[in-house]
2 protein chains.
Amino acid sequence: MSLTAFFQPRSIALIGASEREGSVGRAIWDNLRGFSGAVYPVNAKRAEVCGAKAYPSIATLPEVPELVIVVTPATTVPQLVEEAGLAGVRAAVVISAGFKETGKDGAQLEAEVLATAQRHGMRLIGPNCLGLMNPHAGLNASFASSVARPGRVAFLSQSGALCTAILDWSHDQNVGFSAFVSTGAMADVGWGDLIRHFGDDPHTKSIVIYMESVGDDAASFLAAARAVAAQKPIVVIKVGRTAEASRVAASHTGALTGSDAVLDAALRQSGVLRVDTIEELFDMAEVLAKQPLPTGKRLAVVTNAGGPAALATDALVLGKGELAELSPQTMAELNTLLPAQWSHHNPVDVLGDADAVRFAQALRIVCQDAAVDGVLAILTPQSMTHPTNIAREVAVIASEIGKPLLASWMGAQSVLEGRGILNASGVPTYDYPDEAAQAFVRMREHRLRLIWLSETLSAHADDDEGEALPCVGELIDAVLGSGRTLMTEQEAKQLLHVAGIPIVETRAAYDEEAAIAAADALGYPVVIKLLSSTITHKSDCGGVQLNLLNATAVRQAWRLIQDNVTHLHGLAAFDGVTVQRMVTQKGMELILGASTDAQFGPVLLIGAGGTLVEVLQDHALALPPLNHALARRWVEQTKIAKVLHGVRGQPAVDLAALDDVLVKFARLVQHERRIVELDINPLLATAEGIVALDARAVLRA
Amino acid sequence: MSLTAFFQPRSIALIGASEREGSVGRAIWDNLRGFSGAVYPVNAKRAEVCGAKAYPSIATLPEVPELVIVVTPATTVPQLVEEAGLAGVRAAVVISAGFKETGKDGAQLEAEVLATAQRHGMRLIGPNCLGLMNPHAGLNASFASSVARPGRVAFLSQSGALCTAILDWSHDQNVGFSAFVSTGAMADVGWGDLIRHFGDDPHTKSIVIYMESVGDDAASFLAAARAVAAQKPIVVIKVGRTAEASRVAASHTGALTGSDAVLDAALRQSGVLRVDTIEELFDMAEVLAKQPLPTGKRLAVVTNAGGPAALATDALVLGKGELAELSPQTMAELNTLLPAQWSHHNPVDVLGDADAVRFAQALRIVCQDAAVDGVLAILTPQSMTHPTNIAREVAVIASEIGKPLLASWMGAQSVLEGRGILNASGVPTYDYPDEAAQAFVRMREHRLRLIWLSETLSAHADDDEGEALPCVGELIDAVLGSGRTLMTEQEAKQLLHVAGIPIVETRAAYDEEAAIAAADALGYPVVIKLLSSTITHKSDCGGVQLNLLNATAVRQAWRLIQDNVTHLHGLAAFDGVTVQRMVTQKGMELILGASTDAQFGPVLLIGAGGTLVEVLQDHALALPPLNHALARRWVEQTKIAKVLHGVRGQPAVDLAALDDVLVKFARLVQHERRIVELDINPLLATAEGIVALDARAVLRA
């Protein structure tokens, strides 16, 4: 349902309007005066509020208001929402606190409010919020003490306190808003609804979110982000990167925060840019709305001083950007233009005595180089420098080049006018050149996220045509039918096999002779592993015997495993063994896993195996579905990817085959939700191909 | 020699003083007018400069000036310095450009100027600089257009352009300076001289450096830093973290920049705080001068809103700080003071309706907790909040507690007055709470650096008593005497052995029978390796055979190595083999290495061995000398340190023995400078001890 009534209502009722100075009901009443539509105070105890006729109830209003705002105590809210619903109201902002954040009783009250609203088809923002603003409509339906300036950023915040600080700061920084929404507890209207709404809103150029929790409907959030992010940048700061901060956020909003790493993967695949500081949050919202995105990572720097350019270069390269290599033609033109002592490479130091003409000509030459994906202009106020004149020239160039152009006019008073000219022309300016280089890196990152996004959209489209493999379902039915949720290694491998993932052929053997027969058939050397319906980590109890060269060794291994397991876990834990050929090819051992996240559903993990790398925590997450392009990007997130490409004379592994395995693995867990855990460890990657050497699966009963 | 004449001269001569508007000679003349001492213009072509009597030469001045400032063209400078020296001048600032930065001829001119100055015992700042200022003495001996405000920061910059931008910015930010020095090419006066001078200067509380190159005398810089850093914070931004930026810096100042990783290690051991951005540079200079350092990493947060506290928590924990765990007594006192809905843990959320009394009482309680090493107060301007009143209370508390106290008064206009009160009371304020948490982390880092420093000082003191081991010298004499610079494995191990580092006993064998005899004597299994005076990487040519169980295997191995080497490199490369016991203990394979840096001398490296970890680049550098405490800190810089402490049921390795090996290794390369490269790879670390399994050494002829 549309949220238009929240942001462009024709009429508003304020339930709990008050004359009392310092009360929320009074603050909102005062703020609503700037609104051009009808505003009705509702107050059962008074005939008038600040000179306006007050109404005892919603039912007594002269018209059905399009939006109601509720500020009365929590316990009164269910009844008031009921009355509003009966009257035909379809949008309510519940400012009142005292719900989920206070504990169990509050949560029940909140559930009651939500159920009532839903029964009437009413949408609800809050409870426990500051309210909302639409500066373009003169609407301030909040108890914030000032109103946001009109602008193009839709700001959504899960923290009311942060709203007030940002509002104050935005006046100082001349940042304007198309909307300012304190989301509160998000009992009903959540991220997905709001992102879709502002995706359609013509006044909104970018969506900026302060998030403490992704909320109950992660799927709706991600789907909305995927639908909007390519058209309008969505920039998020999400607290709770660390477990400690999650706890802080959780305790104060009553929201449960999930694994940050999973969210990070979800945002990456959905085209959402995540930043770490509030400063970056608004900076990136502005930059992304004003400037084209760089098609590559090569930045050129034009500067009138070397030191600041070196600062920018460090920041650029540390952020995985690159200095553009200027073309011979560009070099020739610069050599003609510039004094002999110019730097003769990028960064282009036009020297401290450069006037506006020299600076602008050099900048124009550099901008035209096809090997340049973006340009940073740095100016320091030296004795011969005219920061304002040069800014005017740069502003003209910015409008012509179709590439990102950023500026750092360093200093304070002497560059203020120049900065103003640049900002007004859509050229973002930075106090320090390192910040500007970081912004370029972020722009590049956003461009990469949009590529992720387009691949994610295509993977989703492909996936909608796909369906669960019937033979997978049958296998799982059989295991669950036997009363188990833990698959044996052989069953788990069979699951992978029917999903199209190469496995090492593995045979079950329930007595010594069968084990030897299987080994003879498969060929030596073989590996013998415990077969058990109860023990999942086989190697911990001596249940894995490697590199067995003949029948005698197989017999010994059988007995050893039987003894070990019986000794530790009793005879019932020993069902027999599995037999498989020992793979002796050299290659890289990976782990490929899937688990189930409470908010996001199936989550995939890839990384390197082995004790050491486990200590080093080298792995990356992704959400299904995948296609080949996404699979490749995903693997590239790990450090081990370098090794997969071949290092120190070793050949690259079969990357195309690896992509294929990853896509099939993702499809398997995406379509068969009864698989709650699935691990291939190790997944052996060699130049000849990819093969699962061991597997483990846990099902939902 | 003292630099006092540069910063407190009684008289100054400006050589090249000019009336011409826009000239450097005129700009400096105008700037010098604020100076209270005598200032003489020297100009051979004019009788007067701007109304003041001009002198044709230094010799004709009525007195010998304490300081001369030279702005005339480069080619005139050697003669002018000669004249000044003859006249008895002992301090000169050479502003003029046209020296080393222009190429070979300029470099020669610069060498001439330096030699002349040194002949006369004259100190020289520059050439190619902006000049210097001492705001406390009203001295502006620069061509910057404005003078720095008096304050407590000594700012030293290798970039003149950055000086002008920083100066402009400092007026805006109310940052004051005890001195402002554009160092230029540092032909004579360098970092070491300046740090020692400002270490003694009573007006200076902190030293802030923008560095492009450590210069020719790294030892002097580090010794000065070690002498000063414990008393006055030294904060450095050094461009050239990346190779690309090094190139930029090098090309524009003519300075050669060395390996950034080596510099990083040197700064860490010398108590110098390195930051990455100009914003941090001045912030940390201020914070470190105003606030006590935290004794631990545990921060408490007192806030009137949860969201901002979560932002601070993320930044804190990502920076390796910790949230303090409040004591039961603190909790009890807060429970008594605060409304029931308070957060009930750190961060202490005193709730949005907190007045100044509640906020201050909670802050005081938290500050008194012994488990709290530092405190961050966060305020968001909510409807009931009085930012100014609360700031007053916080300022009082700050003066009492003896722990670091930082503040983030979020917003703009409504918190301006409060911020002013806090800043004036020495409480640093931050626009965003994440920046404040980062500053705490930096303060903690600085404290750790001062601990590094005290250990470095003690290691230097011990080392001064130590001396080269005579038997080491004899070994090296013998190898060099035989016309080689590459030691054999056996010789390199002998070198380690006499230095007190455990090795696996290794015997040379020049025929098959000798190899078998050695193996019989050492005990099986053994390892046989190529013995060659020309081949250094033995395993690349099949020159290493492991795990040989008996004499037959030794014989086969001899032949295999001989065949391999002869085939690849000819018979002359094969001198025989070495025989050593195969070490079968499980443990961690490390690499311990030393190389020689052009600027810093011997540099030590420790890290993990093995192909994989080499790809992951897990190693740390240090400079000798070491003591046990430094050795331990050094190892803790690597990721592999976690494994050395014992993981996944494996025992910790013998860390005390490892420390001992590192200290002895450092002493060896520190005292015997003919060793230019020395690698132990692998150095096997187990719970039972540490042992060098292989070694390689290269000598200086």
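The values are calculated or read from the model by the stated rules, or taken from the named source; none is laboratory data. Please read these numbers as outputs of a predicted model, since none were measured by experiment. FYI the Cβ positions are ideal-geometry reconstructions off the backbone, even for glycines, and counts take in every protein chain you see.
Just need a number here: residues in segment A:646-676 that are touching a strand residue (DSSP E or B) at 6+ places or on another chain (Cβ under 6 Å), surrounded by fewer than 19 Cβ atoms within 10 Å (Cβ to Cβ) and of a type outside the set (Lys, Arg).
Residues meeting the conditions: 2.
Output the qualifying pairs, or none if there are none: Cβ atoms under 9 angstrom, residues six or more apart or on different chains, first residue in segment B:110-134 and of a type in the set (Lys, Arg), second residue part of a loop (DSSP other than H, G, I, E, B).
B:Arg123/B:Met1; B:Arg123/B:Ser2; B:Arg123/B:Leu3; B:Arg123/B:Arg90; B:Arg123/B:Asp188; B:Arg123/B:Val189
Scan (1) outside any helix (DSSP H, G or I); (2) within 14 Å of chain A (Cβ to nearest Cβ); (3) out of contact with any helix residue (DSSP H, G or I) (no Cβ under 6 Å at 6 or more places or on another chain) for the single condition B:Leu416 breaks and write down its number.
(1)
Is segment A:376-399 home to any residue that is modelled with pLDDT of 95 or more, within 21 Å of A:Glu445 (Cα to Cα) and part of a loop (DSSP other than H, G, I, E, B)?
No, that holds for no residue.
Pairs only if they're at least six apart or on different chains, beta carbon under 9 angstrom, first in segment A:36-53 and assigned by TED's automatic domain parsing to the domain that holds A:Ala13, second among the basic types (Lys, Arg) and in a strand (DSSP E or B); list them, first residue then second.
A:Tyr40/A:Lys53; A:Pro41/A:Lys53; A:Ala47/A:Lys53
Would you check which residues across segment A:192-221 are within 15 Å of A:Gly271 (Cα to Cα), at pLDDT 95 or above and hydrophobic (A, V, I, L, M, F, W, C) and list them?
Those that are within 15 Å of A:Gly271 (Cα to Cα), at pLDDT 95 or above and hydrophobic (A, V, I, L, M, F, W, C): A:Ile195, A:Ile207, A:Val208, A:Ile209, A:Phe221.
Please go through segment B:558-572 and pick out each residue that is in contact with a helix residue (DSSP H, G or I) (Cβ under 8 Å, 6 or more places away or on another chain) and within 15 Å of B:Ala508 (Cα to Cα).
B:Trp558
For segment B:338-356, enumerate the residues that are over 24 Å from B:Leu316 (Cβ atoms), more than 10 Å from chain A (Cβ to nearest Cβ) and either over 44 Å from the mean Cα position of the chain (by Cα) or touching a residue at least 40 places away in the same chain (Cβ under 8 Å) (or both).
B:Pro339, B:Asp353, B:Asp355
Of all residues in segment A:74-91, which are farther than 10 Å from A:Thr116 by Cβ and either among the polar types (S, T, N, Q) or touching a strand residue (DSSP E or B) at 6+ places or on another chain (Cβ under 7 Å) (or both)?
A:Thr75, A:Thr76, A:Val89, A:Arg90, A:Ala91
Answer with yes or no whether B:Val427 is assigned to a helix (DSSP H, G or I) and either away from chain A (no Cβ under 14 Å) or of a type in the set (Gly, Ala, Ser) (or both). Break it down into steps so the answer makes sense when it comes.
Working: assigned to a helix (DSSP H, G or I): no; either away from chain A (no Cβ under 14 Å) or of a type in the set (Gly, Ala, Ser) (or both): yes.
Here the answer is no, as B:Val427 does not meet what is asked.
Taking the condition of being surrounded by 22 or more Cβ atoms within 10 Å (Cβ to Cβ) and of a type in the set (A, V, I, L, M), how many residues in segment B:98-114 meet it?
1
Given the options B:Ala84, B:Ala91, B:Ala117, name the one that is of a type in the set (A, V, I, L, M, F, W, C), crowded, with 23+ Cβ neighbours inside 10 Å, under 21 Å from B:Pro56 (Cβ atoms) and modelled with pLDDT of 95 or more. Write out each step before concluding.
Values: B:Ala91 fails: under 21 Å from B:Pro56 (Cβ atoms); B:Ala117 fails: under 21 Å from B:Pro56 (Cβ atoms).
Matching residue, one of B:Ala84, B:Ala91, B:Ala117: B:Ala84.
I'd like to check something: does segment B:297-319 contain any residue that is in a loop (DSSP other than H, G, I, E, B) and more than 12 Å from chain A (Cβ to nearest Cβ)? Steps first, answer last, please.
Within segment B:297-319, the subset in a loop (DSSP other than H, G, I, E, B) is B:297, B:304-305, B:319.
Going one step further and asking which of them are more than 12 Å from chain A (Cβ to nearest Cβ), we end up with B:297.
Yes, segment B:297-319 contains at least one residue that is in a loop (DSSP other than H, G, I, E, B) and more than 12 Å from chain A (Cβ to nearest Cβ).
What number of residues within segment A:147-166 satisfy the criterion of being modelled with pLDDT under 90 and of a type in the set (A, V, I, L, M, F, W, C)? Steps first, answer last, please.
Taking segment A:147-166 and keeping what is modelled with pLDDT under 90, we get A:147, A:159-166.
Those left that are additionally of a type in the set (A, V, I, L, M, F, W, C): A:147, A:161-163, A:165-166.
Residues that pass the stated criteria total 6.
Filter segment A:266-281 for residues that are assigned to a helix (DSSP H, G or I) and surrounded by fewer than 22 Cβ atoms within 10 Å (Cβ to Cβ) and give the result.
Let us first name the residues in segment A:266-281 that are assigned to a helix (DSSP H, G or I), namely A:266-269, A:278-281.
Listed by number, the residues that qualify are A:Glu279, A:Glu280.
Filter segment A:587-606 down to residues that are charged (D, E, K, R) and within 17 Å of A:His645 (Cα to Cα), then give me how many there are.
1
For segment B:210-241: of the residues being within 13 Å of chain A (Cβ to nearest Cβ) and of a type in the set (Gly, Ala, Ser), which is nearest to B:Phe155 (Cα to Cα)?
B:Ser213
For segment A:465-481, state whether one or more residues are touching a Ser or Thr at 6+ places or on another chain (Cβ under 6 Å) and either of a type in the set (A, V, I, L, M, F, W, C) or modelled with pLDDT under 95 (or both). Let's see the steps before the verdict.
Of all residues in segment A:465-481, those touching a Ser or Thr at 6+ places or on another chain (Cβ under 6 Å) come to none.
No, every residue in segment A:465-481 fails to be touching a Ser or Thr at 6+ places or on another chain (Cβ under 6 Å) and either of a type in the set (A, V, I, L, M, F, W, C) or modelled with pLDDT under 95 (or both).
Taking the options A:Leu299, A:Leu311, name whichever one is at pLDDT 90 or above, in contact with a Leu (Cβ under 6 Å, 6 or more places away or on another chain), buried (at least 22 other Cβ atoms within 10 Å of the Cβ) and of a type in the set (A, V, I, L, M). Give the derivation first.
Details: A:Leu311 fails: in contact with a Leu (Cβ under 6 Å, 6 or more places away or on another chain).
Result of the check over A:Leu299, A:Leu311: A:Leu299.
Since B:Lys639 meets every condition but one in (1) within 14 Å of chain A (Cβ to nearest Cβ); (2) more than 22 Å from the chain's Cα centre (by Cα); (3) surrounded by 15 or more Cβ atoms within 10 Å (Cβ to Cβ), which condition does it not meet?
Among (1) within 14 Å of chain A (Cβ to nearest Cβ); (2) more than 22 Å from the chain's Cα centre (by Cα); (3) surrounded by 15 or more Cβ atoms within 10 Å (Cβ to Cβ), the lone unmet condition for B:Lys639 is (2).
Name the residue that is nearest to the other protein chains (Cβ to nearest Cβ), counting only residues in segment B:178-193 that are under 23 Å from A:Leu311 (Cα atoms) and of a type outside the set (Gly, Ala, Ser).
Filtering first and then ranking leaves B:Thr183.
Tally time: how many residues in segment A:117-162 are outside any strand (DSSP E or B), closer than 21 Å to A:Leu14 by Cα and either of a type in the set (A, V, I, L, M, F, W, C) or more than 14 Å from every other protein chain (Cβ to nearest Cβ) (or both)?
Taking segment A:117-162 as the starting set, the residues that turn out to be outside any strand (DSSP E or B) are A:117-122, A:126-130, A:135-138, A:143-149, A:158-162.
Going one step further and asking which of them are closer than 21 Å to A:Leu14 by Cα, we end up with A:117-118, A:120-122, A:126-130, A:135-138, A:143-148, A:160.
Now narrow it down to the ones that are either of a type in the set (A, V, I, L, M, F, W, C) or more than 14 Å from every other protein chain (Cβ to nearest Cβ) (or both): A:117-118, A:120-122, A:126-127, A:129-130, A:135-138, A:143-144, A:147-148.
Here the count works out to 17.
Please tell me if A:Val175 is part of a loop (DSSP other than H, G, I, E, B), modelled with pLDDT under 95, in contact with a strand residue (DSSP E or B) (Cβ under 7 Å, 6 or more places away or on another chain) and within 12 Å of chain B (Cβ to nearest Cβ). Quick ask: steps written out before the conclusion?
Values: part of a loop (DSSP other than H, G, I, E, B): yes; modelled with pLDDT under 95: yes; in contact with a strand residue (DSSP E or B) (Cβ under 7 Å, 6 or more places away or on another chain): yes; within 12 Å of chain B (Cβ to nearest Cβ): yes.
Spelling it out, A:Val175 is indeed part of a loop (DSSP other than H, G, I, E, B), modelled with pLDDT under 95, in contact with a strand residue (DSSP E or B) (Cβ under 7 Å, 6 or more places away or on another chain) and within 12 Å of chain B (Cβ to nearest Cβ).
Is it true that some residue in segment B:529-543 is farther than 30 Å from B:Glu672 by Cα, surrounded by fewer than 16 Cβ atoms within 10 Å (Cβ to Cβ) and not assigned by TED's automatic domain parsing to the domain that holds B:Ala695? Spell out how you get there, then give the answer.
First pass over segment B:529-543, keeping only residues farther than 30 Å from B:Glu672 by Cα: B:541-542.
Still in the list and also surrounded by fewer than 16 Cβ atoms within 10 Å (Cβ to Cβ): B:542.
Retained after the next criterion (residues that are not assigned by TED's automatic domain parsing to the domain that holds B:Ala695): B:542.
Yes, that holds for at least one residue.
Mind listing whichever residues of segment B:593-617 are of a type outside the set (A, V, I, L, M, F, W, C) and at pLDDT 80 or above? Reasoning before the result, please.
So the first thing to find is which residues in segment B:593-617 are of a type outside the set (A, V, I, L, M, F, W, C), and the list is B:593, B:595-597, B:599, B:601-602, B:607, B:609-611, B:614, B:617.
Matches in segment B:593-617: B:Gly593, B:Ser595, B:Thr596, B:Asp597, B:Gln599, B:Gly601, B:Pro602, B:Gly607.
Hey, does segment B:465-484 have a residue that's polar (S, T, N, Q) and within 32 Å of the chain's Cα centre (by Cα)? Before the answer, list the steps.
Step one: filter segment B:465-484 for residues polar (S, T, N, Q), giving B:482.
Filter once more, so that each one left must be within 32 Å of the chain's Cα centre (by Cα): none.
No, the conditions are met nowhere in segment B:465-484.
Within segment A:330-346, which residues are in contact with a helix residue (DSSP H, G or I) (Cβ under 7 Å, 6 or more places away or on another chain), at pLDDT 95 or above and either within 20 Å of A:Ser408 (Cα to Cα) or among the acidic types (Asp, Glu) (or both)?
Answer for segment A:330-346, where residues must be in contact with a helix residue (DSSP H, G or I) (Cβ under 7 Å, 6 or more places away or on another chain), at pLDDT 95 or above and either within 20 Å of A:Ser408 (Cα to Cα) or among the acidic types (Asp, Glu) (or both): just A:Glu333.
All but one of (1) outside any helix (DSSP H, G or I); (2) crowded, with 19+ Cβ neighbours inside 10 Å; (3) under 26 Å from the mean Cα position of the chain (by Cα) hold for A:Leu684; which doesn't?
A:Leu684 satisfies all of (1) outside any helix (DSSP H, G or I); (2) crowded, with 19+ Cβ neighbours inside 10 Å; (3) under 26 Å from the mean Cα position of the chain (by Cα) except (3).
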